[in-house]
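To keep things clear, I will list the structure first and then write my remarks on it.
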Amino acid sequence: MTSLSLSAPRVKLKTIQNQLSNFQSILSSRWQALKNIRVASGLPNSSFSHKSLAYMHAGTRYVKQASGLLKIGVRSSRKNSSSYEVIQETYVCMLRLKSSAEENNIRIQPGSGETHIFFPDSLADDLIVEVQDSKGKHLGHVLVQVATIVEDTTDKLRWWSIYREPEHEPVGKLQLCINYLTSSDDNSHHKCGSVAETVAYDLVLEVAMKVQRFQQRNLQLYGSWKWLLTEFASYYGVSDVYTKLRYLSHVMDVATPTADCLGLVHELLMPVAMKGHNKRALSHQENRILGETKDQIKQILSLVFENYKSLDESSFSGIMDVFEPATGLVAPTLEPAIKLYMLLHGVLSPEAQTNLCHYFQAAARKRSRRHLAETDEFVTTNNEPNFIDPVAMSIAYQKMTCLCRNIKNEILTDIEIHNQHILPTFIDLPNLSASIYSTELCNRLRAFLLASPPPGPSPPVVELVIETADFHRDLASWNISHVKGGVDAKEVFHLYIMIWIQDKHQSLLESCKLETEKWSGVRTQHSTTPFIDEMYERLKETLSDYEVIICRWPEYIFVLENAISDVEKAIVEALDKQYVDVVCPLKENLTLKKFGLKYMQKLTKRSVCSYTVPDELGILLNSMKRMLDVLRPKIETQFKSWGSCIPEGGNKAPGEHLSEVTVMLRTKFRGYLQAVVEKLAENTKLQNSTKLKKILQDSKETMGESDIRVRMQMLKELLRSTINHLHTVFETQVFIAICRWYWDRMAQDVLGFLENRKEYRSWYKGSQIAVSILDDTIASQMQQLVGNALPAKDLEPPRSILEVRSMLGKDAYY
């Protein structure tokens, strides 16, 4: 450390006497305070250095010596006052170092005896002395090179030439007394002004901090000690900047990332920063202290910004001892930290803006890594699945769901901070952090799913899908910009969803093959096979499993519909195979149907055996009817409700493939019913006594009604027994449908007989009686068996009966 001590030789006696008198009076009033300082510094358990204690003793001795010297000076001045010359022309010298700012000029009156200490930056520095007249007119200047002084430090009193620019013309000489001092003392660079005064101030400050237990979270000085420091600095000319910087240096030694600490740092640094934007506005010592404290402040700000969600005012250190998820609360420390950063750097510098953004990005990465660490165990480097145990897999997926939730809370907290308007406008914290969180979360999701592929939409898997989809949706609703490589829930799970649907499709198809054998010969209370109820229960469960996915991504409706309709077709095929033995006898009638009624009637004459509807056929048709009326409508309703999730403007609506199954199943069902009815109609033709056509042919106009009823008796009994048997085989709805079809089929025989004999009205009477017997027999038998459960509309005559009545004449039945 180097210093220049420059003295002016003379001053008027009256001025010296006044100054010394005032100084001596104030010095006497402060002496007792300095004694107290000395005593206080000797307190036990002192944390201050022995060097500080030595400085205090040295400062005390200095004050005593200065007091004695000043008294001698006063007496000498009084004795020699008459020896001073009367100066006709007065001059003023303005002194400064070349390394300092122009506004830091020191004004010294030649001959006044004033002394000032300068601290050059290096040997290359210069001392500039500007000479002015009493009116402030520039007369010339002296340039004193520090290197020249160092060459011969013993020559303290020298004459220097005064030059006037721009001609560099010598206009006079100036005598200066310069002392050049160097010191390796660590504390020497802290002095601003007189070395002894700043040493004494430092000692007073240290003792005050010791007495008031200055430490972390207890940084404020108060009471009489604060007053003493203020008065001491004011009297001894220790600058306000120096006092704040010295206090600040102690604060930074124990600084914590807390609001009270950073608020105090900002308070102390504010006046210094306002002056110190120009480095030359501060002394060499002040710049040194400021530089050191700035480095410490930057470190503490870095700690704050990179841990801005882990700050804890209640903690002694200011940082949470244990990592915790974001709470949505804004740490009080953040606001003074931002103010302090802006005080140091401003907000216009691109570099300062970039650095601040980097701090928050580093914080996001740090917190992201802490969250991801909770799931590190579930990510492996090989391609083999991690889990075989379902319980372990469930736990893993729950932790991944928790990870998504925690990351979302991190972004929510950043949004809350952003909405508090604490940060500068150039920092969009939610977008800044979300880009990191979303990208790293997406990478972790992909790695996890690769290591632990989800076998299907089980509850833990669905919960993760929901949380991921909500995360993706929430980012958009929070106006977070799209992040390339960030979380896109559909993209992450698409392949797995497609695999799930394919696997479920294959599983259900396999079940169709196995379950038919399992339930062979078993019937339910509905007289159906348990196979269809079990299969449709699985279909219902499948739809329930995928409801969450469909509601978020409706496009999977069509993939799922294809799979479901394909399984339904397989169910029907499985029924046909299971009941092939009872369906085969009907195949003949189903095949001959296309040849027309007359041709079919000719071919069926070959049959000589009566047909009895087997119970298994009843189970088949009852099952098909239950599929049409009860089971399938639930599936169709579900898909229709999902159709509302499809955005407007979609090219197609769901249900097309299901409709195809409906048409196929209804056609097959009706075909089986018609084939059964044809078989039953053939039974009436096996004997002449039950042949309706034969009975009608034998009836003449002259035959009485009683004779016709007698001839119809055998057919009537056959109809009753047939209907009774049908009632034991088929459930109510199928029974009613087949009876009405049977009724219509018998009427067709009458209609066919009359169409060939329109010109022979002699058969009309017999036909009228026969038709009325058919109506009464079938309708009454149905009503007797079904009871009040039979709807009135099902007692109305079928279409063929109405046609017969129309042909016979409307008045025939009135």
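The values are calculated or read from the model by the stated rules, or taken from the named source; none is laboratory data. The structure displayed is predicted, hence computed values, not measured ones. Glycine also receives a Cβ, built like all others from the backbone with ideal geometry; neighbour counts cover every protein chain displayed. Remember, those area values only see protein heavy atoms, side chains included, never the ligands or the DNA or RNA. Shrake-Rupley method; radii C 1.70, N 1.55, O 1.52, S 1.80 Å.
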message: Pull out all pairs, ordered by first then second residue, where Cβ-Cβ is under 7 Å, the residues are six or more apart or on different chains, the first lies in region 621-646 and is surrounded by 15 or more Cβ atoms within 10 Å (Cβ to Cβ), and the second is polar (S, T, N, Q).
response: N622/S527; N622/T528; S623/T528; S623/T529; K625/Q733; R626/T528; R632/T662
- line: Contact list, first residue from region 684-710 and more than 18 Å from L751 (Cβ to Cβ) and modelled with pLDDT under 85, second anywhere and open to solvent by 70 Å² or more (accessible area, probe 1.4 Å) and of a type in the set (K, R), beta-carbon distance below 7 Å, six or more apart or interchain, is D698/R711; E701/K765
- prompt: Which members of region 371-412 meet the condition of being modelled with pLDDT of 90 or more and of a type in the set (S, T, Y)?
  reply: T375, S394, Y397, T401
query: For residues in region 410-428 being of a type in the set (A, V, I, L, M, F, W, C) and surrounded by fewer than 22 Cβ atoms within 10 Å (Cβ to Cβ), which is farthest from Y359 (Cα to Cα)?
result: L412
- request: Sort out which residues of region 432-485 are under 30 Å from Q353 (Cβ atoms), small (G, A, S) and open to solvent by 10 Å² or more (accessible area, probe 1.4 Å), and write them in order of number.
  value: S435, A476, S477, S481, G485
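Condition check ((1) under 19 Å from C609 (Cα atoms); (2) open to solvent by 80 Å² or more (accessible area, probe 1.4 Å); (3) not assigned by the TED database to the domain that holds Y536) across all residues:
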| position | (1), (2), (3) |
| --- | --- |
| H657 | no, no, no |
| M664 | no, no, no |
| G671 | no, no, no |
| A675 | yes, no, no |
| I695 | no, no, yes |
| E705 | no, yes, yes |
| Q713 | no, no, yes |
| V734 | no, no, yes |
| A747 | no, no, yes |
field: Matching entry among L334, L340, L311 (being in contact with a Leu (Cβ under 7 Å, 6 or more places away or on another chain), under 13 Å from P257 (Cβ atoms) and either of a type in the set (A, V, I, L, M, F, W, C) or buried (at least 16 other Cβ atoms within 10 Å of the Cβ) (or both))
entry: L340
query: Could you say whether any residue in region 469-482 is in the same structural domain as Q398 (by the TED database) and at positive phi?
result: yes
query: So which residues in region 284-330 are of a type in the set (S, T, N, Q) and without any contact (Cβ under 8 Å) to a residue 12 or more places away in the chain, if there are any at all?
result: N287, Q299, S314, S315
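Results for (1) modelled with pLDDT under 90; (2) assigned to a helix (DSSP H, G or I); (3) touching a helix residue (DSSP H, G or I) at 6+ places or on another chain (Cβ under 6 Å), shown as yes or no for each residue.
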residue: W225; (1), (2), (3): no, yes, yes
residue: F232; (1), (2), (3): no, yes, yes
residue: S249; (1), (2), (3): no, yes, yes
residue: A255; (1), (2), (3): no, no, yes
residue: D260; (1), (2), (3): no, yes, no
residue: H266; (1), (2), (3): no, yes, yes
message: Need pairs with beta-carbon distance below 7 Å; first residue farther than 16 Å from T401 by Cβ and in the same structural domain as E410 (by the TED database) and within region 439-454, second among the small types (G, A, S) and assigned to a helix (DSSP H, G or I); sequence gap 6+ or separate chains.
response: E440/S368
query: Quick one: T637 ticks every box in (1) of a type in the set (V, I, T); (2) closer than 30 Å to M746 by Cβ; (3) assigned to a helix (DSSP H, G or I) bar one, so which box is it?
result: (2)
query: Would you say G73 is at pLDDT below 50 and surrounded by 15 or more Cβ atoms within 10 Å (Cβ to Cβ)?
result: yes
